[in-house]
1. State whether the residues of the range 66-80 include one that is buried (at least 19 other Cβ atoms within 10 Å of the Cβ) and in contact (Cβ under 8 Å) with a residue 12 or more places away in the chain.
2. Looking at the range 16-39, which of its residues are in contact with a helix residue (DSSP H, G or I) (Cβ under 7 Å, 6 or more places away or on another chain) and modelled with pLDDT under 90?
3. Pull up the range 18-34, narrow it to residues that are under 13 Å from VAL101 (Cα atoms) and of a type in the set (A, V, I, L, M, F, W, C), then point me to the one that is surrounded by the most Cβ atoms within 10 Å (Cβ to Cβ).
4. For PHE48, are the conditions met, namely being without any contact (Cβ under 8 Å) to a residue 24 or more places away in the chain, aromatic (Phe, Trp, Tyr), surrounded by 15 or more Cβ atoms within 10 Å (Cβ to Cβ) and in contact with a helix residue (DSSP H, G or I) (Cβ under 7 Å, 6 or more places away or on another chain)?
5. List the residue pairs whose Cβ atoms are under 9 Å apart, where the first residue sits in the range 95-113 and is in contact (Cβ under 8 Å) with a residue 12 or more places away in the chain and closer than 15 Å to PHE35 by Cα, the second is exposed (fewer than 15 other Cβ atoms within 10 Å of the Cβ) and not small (Gly, Ala, Ser), and the two are 6 or more positions apart or on different chains.
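The values are calculated or read from the model by the stated rules, or taken from the named source; none is laboratory data. Note that this is a predicted model, so its numbers are computed, not measured. Cβ placement follows ideal geometry from the backbone for every residue including glycine, while neighbour counts extend to all protein chains displayed.
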Amino acid sequence: MAKIAKARAMRKAMSPPEARLWLALRDLRKQGFHFRRQHPLLGYYLDFVCLGRGLVVEVDGGSHEGRGDWDRRRDAALAQFGLKTLRIEASDVRDRLPDVVDFILRELTAAAPTRPLRGHPPRDGEGD
């Protein structure tokens, strides 16, 4: 339960670029892309994730300075889980939001849909 409480607190304390991008990502629901924000996964809190397409979007601002090695290890762990991470500079969100959203939309469209987390498994099973 502590993870959920921390995620809720992080949602309330988003940076201005994160809050701005969140509003833009919510509009992508009309096109069938559902994002979660500050989603806990594998011991990390993902800024934004579209589980339906296996895409993580991280807004890198001042808090990420000097954390390159940590970010690379985190991205590698997420990749092993089947998630692709896009790192977006906070200044790009601030200054070029339409371009950022277009880039994310292209990545979403190019990504293969993942199996939904809920619902029935596929009818055709594996094996003989």
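1. Scanning the range 66-80, I find at least one residue that is buried (at least 19 other Cβ atoms within 10 Å of the Cβ) and in contact (Cβ under 8 Å) with a residue 12 or more places away in the chain, so the answer is yes.
2. The one that is in contact with a helix residue (DSSP H, G or I) (Cβ under 7 Å, 6 or more places away or on another chain) and modelled with pLDDT under 90: GLN38.
3. Taking the candidates together, the pick is LEU21.
4. It is false that PHE48 is without any contact (Cβ under 8 Å) to a residue 24 or more places away in the chain, aromatic (Phe, Trp, Tyr), surrounded by 15 or more Cβ atoms within 10 Å (Cβ to Cβ) and in contact with a helix residue (DSSP H, G or I) (Cβ under 7 Å, 6 or more places away or on another chain).
5. Close Cβ pairs satisfying both conditions: VAL101/ASP27; LEU105/GLN31; LEU108/GLN31.
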